Amino acid sequence: MKRLLSLLTVALFVAVLVALGGCGSGATTPVSTTSKEGQAKQINFFQWTEYTPQSVLDSFKAKYGITVKMSNFSSNEEMMAKLQAGGLSEYDVVVPSNYVVKAMIALNLIEPLNKDSIPNLKNIYGAFLNRSYDPGNKYCVPYMSSPVVLAVNTKKVKEPINSYNDLLNPALRNQIVVVDDERPIIGAALLATGHSLNSTKASALKDAENWLKRLRPNIKVFDSDSPKTELINGECSVGLIYNGEAALAIRQNPDIKIVWPKEGIAGLTIDNLCVVKGTKHEKEANLFINYLLDPEASKAISDVYPYTNPNKAAHSLLSKTYLDNPASNIPLDKIKNSELIGDLGSALRQYDRIWTEFKG
Amino acid sequence: MSTMTTPEVMLLPPDANHQRKGIRLSRLAPLILMVSPAILWLLLFVVAPLVYVLVISFLKRGTYGGVVASFNFHNYLRICDPLYLNIYILSVIIAAGTTMLCLLIGYPFAYIIAKANPRNKNILLTLVMLPFWTNSLIRTYGWIILLRTDGTFNTLLTCVHLISHPIQMLYTNGAVMLGMVYTLFPFMVLPLYSSIEKLDHSLLEAASDLGAEPWRAFLRITLPLTVPGIFAGCIQVFVPTLGYFFISDLLGGGNSMLVGSLIRNQFLAARDWPFGAALSILLIAFTIAVIRIYNHFSGSSLGNI
């Protein structure tokens, strides 16, 4: 026993030494070789998976001689955790959704923009600018928007759907696919019962909870990864799903239509280009952000990924596939009049409670 | 090194003490050298994260989802909230069902492998292990294709006129259990196989000589002697079933929340790490309790199997 104890002591000692030694060299410094003109040769871009095509990064390099090294994340939480765990020195440009922007500013993860070096900001539609999460766009430049929309297979559903309340119809039993994402779905419930989709009032949340209870028998699947599949193969006839997914579903099955409930969009989010706090390549980061707002570059992104493009100057260049698809090309007034999903702080726990009750 | 100085050593004159220490150290050095990488590994990647989880479980969620240092038991009180009771019950039911099915199918399977001739034995064992070489997520997606309303099974059954309308197979608790059994089956077969193989065949011969029918010999000899394997297999299936959230999410269509999904939600959607950590500790405590019960009844440690 004693021997084992001493062994453990030695091992612990070594472990502490290694850990201490590791701390010094823990954060690897990114490659920052600079060319003769004093311009960095490489910047690091932290982006969602499947959101920026490589071709756009390549043409940026061809134009400015700066390589963009892209790393991907698949949720805002993952991205924030990485930035907080020493990632600030690893990345230059990051793409958070609007509802985490406030938290990121509070946690000192993003830098205010130098808007003089982003003249292309004028290309963005007013409906996407100056929203509540970042008044005056001090930190954020809209990149794309991916709201949760209501897609209906009009061949299978004969009853008209104009409101979220129409989803409670018993005829739709076991017919609905929704994203496995609490904010937009509880948001729809709040809107349907006449509240703000960011409400934290106990009475509003009670209404939403009861509404969801009535919706439950109609839901067949919770699926965030590929909800389009259930709509395309006819497993479900109604979907409350991300617009990119809905757009792809429409391409494959023209019977699927987008319906705009009179209460507004339940899950409107805007994803933004932001400069990472303390970047050493601010000039190049701004150059890159400005480039992504360029009409040609913006069009190239929309050609590959069917999310809602906020770029006014790119609109006339966009392909027919994009323009004709109501899930991608969302009417501006819908966006202007819909409330964005906001940061709830500690009240998020109430939402999680409702969600657990709803699903469990 | 003060831990090495035993009272007995301290009685010796300073010189001898020093010498003695030197000898001990030189004898210990190779041992330390061999064991320390493993211990280091365990400390860094098992003990440290577990301690981290334990510490977080007593803290509070920050406004922006971080962790605030304020010691409290709130997260553990929240675990007892009746809201989560259904989740625990369903998780245990699915885990128990999966374990039973694995045992019922796995026992004869392991028995056949153990009794097969050496060449076939190797082939059969390889076949059990083979699916492991493919990512389990991909294999789960494979089941989706088979079980869908317009999937392979339904098409096949409709074609041969066994059914007139496609049956709802996917997105049911049955589908979840099927996926669990499929994924965890080898964890049941391997411990069963090793305990059946170790079985002394002469005992069965003796039973037969003394006039016992095969089924009686099985019940009185084979089964009791392979109980350690049965227990080990059951634990290795039961415990992971509680945590495999992706199977219940994909094959159950997210319709039934299990403990695994609840924990994942706390770390992602709700950004409530302390509560997620408390739930993880609950799961670990439950697992340890099950293993203790097993040790109590079998009288041997899991490491022997």
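The values are calculated or read from the model by the stated rules, or taken from the named source; none is laboratory data. Just so we're clear, the structure is a prediction, and the values are computed from it rather than from any experiment. Cβ sites come from the backbone with ideal geometry, for glycine too, and all protein chains shown count toward neighbours. Please note that ligands, DNA and RNA were not included when accessible areas were found on the heavy atoms of the full protein model with its side chains. Shrake-Rupley method; radii C 1.70, N 1.55, O 1.52, S 1.80 Å.
Structure notes:
- Selection count where residues are crowded, with 18+ Cβ neighbours inside 10 Å and polar (S, T, N, Q), scope the stretch B:39-69: 1
- Options B:Ser248, B:Ser280, B:Ser261; residue that is under 15 Å from the mean Cα position of the chain (by Cα) and either under 30 Å from A:Glu77 (Cβ atoms) or part of a loop (DSSP other than H, G, I, E, B) (or both): B:Ser280
- Here A:Lys61 fits the description: under 20 Å from A:Glu296 (Cα atoms), of a type outside the set (A, V, I, L, M), more than 14 Å from chain B (Cβ to nearest Cβ) and surrounded by fewer than 16 Cβ atoms within 10 Å (Cβ to Cβ).
- Some residue of the stretch A:253-272 being at pLDDT below 95, open to solvent by 10 Å² or more (accessible area, probe 1.4 Å) and in a helix (DSSP H, G or I): no
- Filtering the stretch B:264-277 to residues that are in a helix (DSSP H, G or I) and either open to solvent by less than 10 Å² (accessible area, probe 1.4 Å) or more than 8 Å from chain A (Cβ to nearest Cβ) (or both) leaves B:Arg264, B:Gln266, B:Trp273, B:Pro274, B:Phe275, B:Gly276, B:Ala277.
- Considering B:Ser208, B:Ser195, the condition of being open to solvent by less than 40 Å² (accessible area, probe 1.4 Å) and assigned to a helix (DSSP H, G or I) is satisfied by B:Ser195 alone.
- Residue in the stretch A:97-104 that is in contact (Cβ under 8 Å) with a residue 24 or more places away in the chain and farther than 17 Å from A:Leu348 by Cβ present: no
- Among the residues of this structure, B:Gly253 counts as one that is within 11 Å of chain A (Cβ to nearest Cβ) and in contact with a Lys or Arg (Cβ under 7 Å, 6 or more places away or on another chain).
- Every residue from the stretch A:82-125 that is within 14 Å of chain B (Cβ to nearest Cβ) and of a type in the set (A, V, I, L, M, F, W, C): A:Leu83, A:Ala85, A:Val100, A:Val101, A:Ala103, A:Met104, A:Ile105, A:Ala106, A:Leu107, A:Leu109, A:Ile110
- Matching residues, the stretch B:79-102, being among the hydrophobic types (A, V, I, L, M, F, W, C) and buried (at least 17 other Cβ atoms within 10 Å of the Cβ): B:Ile87, B:Leu90, B:Ile94, B:Ala95, B:Leu101, B:Cys102
- In summary, A:Ile330 fulfils each of the numbered conditions (1) surrounded by 22 or more Cβ atoms within 10 Å (Cβ to Cβ); (2) more than 17 Å from the chain's Cα centre (by Cα) with the single exception of condition (2).
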